[in-house]
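Contents: one structure, followed by commentary.
The values are calculated or read from the model by the stated rules, or taken from the named source; none is laboratory data. Values in this document were obtained by computation on a predicted structure and should not be read as measured data. Counting neighbours? That spans all protein chains shown, and the Cβs are built from the backbone with ideal geometry, glycine included.
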2 protein chains.
Amino acid sequence: MKVNVVKSVLKANDLIAENNRDLFRQYRTVALNLISSPGSGKTTLLERTISALKPAQQSVVIVGDLETSRDADRLQPHAYEVTQINTGLSCHLYANQIAQSARDLPLDQADYLFIENVGNMVCPGEFDLGENLKVALLSICEGDDKVAKYPTIFRVADIILLTKMDLIDVIDFDMDRVQSDIRKLNQEAPLMKISVKSCTGFDEWIQWLQDKRESSVGVKAKFVET
Amino acid sequence: MKVNVVKSVLKANDLIAENNRDLFRQYRTVALNLISSPGSGKTTLLERTISALKPAQQSVVIVGDLETSRDADRLQPHAYEVTQINTGLSCHLYANQIAQSARDLPLDQADYLFIENVGNMVCPGEFDLGENLKVALLSICEGDDKVAKYPTIFRVADIILLTKMDLIDVIDFDMDRVQSDIRKLNQEAPLMKISVKSCTGFDEWIQWLQDKRESSVGVKAKFVET
C-alpha cells in the first residue's frame with residue numbers, strides 16, 4: 001500500500017513539474033535544483049555564484065527549509081528576489097510549492113532560478129520540480145562512502161560538486177573511491193572540486209552555468225550590458 | 001489530502017512501534033535510535049561504543065541505508081549481530097522494518113540494540129521505531145545554523161551529540177549559538193561534545209548509556225562477568 005501512495009504522489013507531482021518547466025521555457029529562465037545533505041555549503045555557494053554572475057545575469061531564488069528564513073536572509077542582498085518556503089515536516093520540496101512561488105517571482109527579469117532544496121540526500125532527488133538541471137553537492141566532510149550508500153541524487157545529477165575542498169588536508173577522504181563510485185552511477189555529469197573559501201574550482205562552475213544557459217535557452221543573458 | 005496520507009502512515013507506524021517497545025522491554029534490551037545527517041559519524045561512534053561496552057555488555061545493531069551493506073560490514077566485527085536494512089528509495093526506517101529484523105536478532109543476548117537510521121535530519125525524527133531513547137548527532141562540519149533550520153530531531157532527542165570536535169579549530173562554528181538554539185527546542189537532553197578521533201567526551205557518553213540502561217531496565221548487564 002505504501003508504494004501506491006508514493007506513486008500517486010509522484011505522478012501528481014510530475015504533472016505540475018511539467019507545467020513549471022513550460023513556464024521557465026516561456027520566460028527563458030534556466031532553473032537549477034540544488035540537492036545535498038544539510039551543511040554541504042549550498043547557500044554559501046549561491047551567495048558567491050549570484051554575485052559573480054551579476055551584473056550581466058540576474059538570479060532569483062527559492063529556498064526550502066523546515067523552519068526559519070535564515071537562508072533567504074543571507075541570499076537577499078545578492079539575488080534579484082528570494083522566496084523562502086518553510087516545509088514544516090517535509091524533507092523535500094514539491095513541484096506545487098515551486099509553481100506557487102514562481103508565480104510571484106519576476107521570471108521576466110531572471111536569467112537563472114536557483115532552487116535550494118531542503119537539506120537531504122534522498123527524497124529531493126526523487127521529486128521533479130520542473131527544473132532544467134539538477135546540481136548535486138557532496139561536502140568532503142561527509143565522508144567518502146556516501147555516494148554508494150545514497151546513490152539517488154548522484155544518479156540523476158547533471159553536475160556533481162565536491163565542496164569544502166579547502167579541508168582536504170585535514171579530512172580522511174579517498175578521492176579515487178568517490179570518483180569511481182560516482183562513475184558507476186553516472187558517466188555524464190561533470191565532477192567539479194570546489195571550495196568557496198579558497199576559490200578552488202569556482203571559475204569552472206560559473207563557466208559551466210553560462211554554457212548551460214546558452215545551450216538550453218539560446219541566449220547568454222536577457223539584458224546584455226551596454 | 002497529503003496530510004491525511006501522512007497521518008495514516010504515521011498512525012499505523014506508531015502501533016507497530018508500541019509492539020516493538022513491548023518486545024524490547026520483555027527482553028530487557030535498551031533500544032537506541034541514532035539520527036543525523038549522512039556523514040555525522042554514526043557508524044564510527046558505534047564501532048567504538050560497542051567495543052567499549054564489551055565484554056560486560058553486548059550489543060546488536062540494525063543499520064538502515066538506501067543501498068550497500070558497508071555499515072553492517074564495518075560493525076560486524078564489533079557487535080554480537082548486525083542486520084542491514086536497505087531502504088531503496090525511503091529516507092528513514094519504519095517500525096515494521098524494525099519488527100521484522102528484531103524477530104531474527106538474539107535479543108536475549110543483547111543489552112543494547114543500536115538502530116542506525118538512514119542519514120537524514122528530518123523524517124527519522126518523525127517515525128517512532130519503538131526505541132527507548134533517541135540519539136541526535138550533529139557534526140560541527142555541517143554548520144552552526146542547522147539546529148534552527150532542522151529542529152525536528154533536536155526537539156525529540158534524549159541526548160544530543162556534537163561530533164567531529166577534533167576539527168573545531170579549522171571550522172567556523174559558533175558554539176554559543178548552537179547551544180542557545182538547542183535549549184530553545186529542548187531543555188532536558190544532555191548535550192555532549194564528542195570526537196571519536198581524539199576521544200573527547202567519549203567516557204561521558206559511555207557512562208550516560210550505562211546509567212540509562214540501569215534506570216530503564218533495572219540491571220547493568222544481562223550476563224555479569226565472573
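Remarks
- Residue within the stretch B:129-146 that is basic (Lys, Arg) and at pLDDT 95 or above present: yes
- Of the residues making up the stretch A:152-199, those that are of a type in the set (D, E, K, R), over 23 Å from B:Val118 (Cβ atoms) and in contact with a strand residue (DSSP E or B) (Cβ under 6 Å, 6 or more places away or on another chain) are A:Asp158, A:Asp166, A:Lys193.
- Per the conditions (1) β-branched (Val, Ile, Thr); (2) within 11 Å of another protein chain (Cβ to nearest Cβ); (3) under 24 Å from A:Ser69 (Cβ atoms), the sole criterion not satisfied by B:Val170 is (3).
- Residue within the stretch B:1-14 that is in a loop (DSSP other than H, G, I, E, B), more than 10 Å from every other protein chain (Cβ to nearest Cβ), among the polar types (S, T, N, Q) and surrounded by fewer than 17 Cβ atoms within 10 Å (Cβ to Cβ) present: no
To keep it simple, each residue is scored yes or no on (1) over 18 Å from B:Leu46 (Cα atoms); (2) surrounded by fewer than 19 Cβ atoms within 10 Å (Cβ to Cβ).
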residue: B:Cys123; (1), (2): yes, no
residue: B:Gly130; (1), (2): yes, no
residue: B:Lys134; (1), (2): no, no
residue: B:Val156; (1), (2): yes, yes
residue: B:Leu185; (1), (2): yes, yes
residue: B:Trp205; (1), (2): no, no
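- Taken together, B:Tyr80, B:Tyr94 contain a single residue that is more than 30 Å from B:Phe202 (Cβ to Cβ), aromatic (Phe, Trp, Tyr) and at pLDDT 95 or above, which is B:Tyr94.
- The stretch B:187-203, residues that are touching a Lys or Arg at 6+ places or on another chain (Cβ under 6 Å) and exposed (fewer than 15 other Cβ atoms within 10 Å of the Cβ): none
- Within the stretch B:39-65, considering residues that are out of contact with any Leu (no Cβ under 7 Å at 6 or more places or on another chain) and either among the basic types (Lys, Arg) or farther than 21 Å from B:Trp205 by Cβ (or both), the one nearest to the other protein chains (Cβ to nearest Cβ): B:Asp65
- Selection over the stretch A:84-100 of residues that are away from every other protein chain (no Cβ under 14 Å) and within 20 Å of A:Ser36 (Cβ to Cβ) gives a count of 1.
- Out of A:Ala221, A:Ala136, A:Ala189, sole residue that is away from chain B (no Cβ under 12 Å) and closer than 20 Å to A:Ala52 by Cβ: A:Ala221
- Just so you know, in the stretch A:102-123 the residues that are under 10 Å from the mean Cα position of the chain (by Cα) and outside any loop (DSSP other than H, G, I, E, B) include one that is farthest from the other protein chains (Cβ to nearest Cβ), and it is A:Leu113.
- Any hit, the stretch B:26-39, residues being assigned to a helix (DSSP H, G or I), without any contact (Cβ under 8 Å) to a residue 40 or more places away in the chain and either under 18 Å from B:Lys134 (Cβ atoms) or touching a helix residue (DSSP H, G or I) at 6+ places or on another chain (Cβ under 9 Å) (or both): yes
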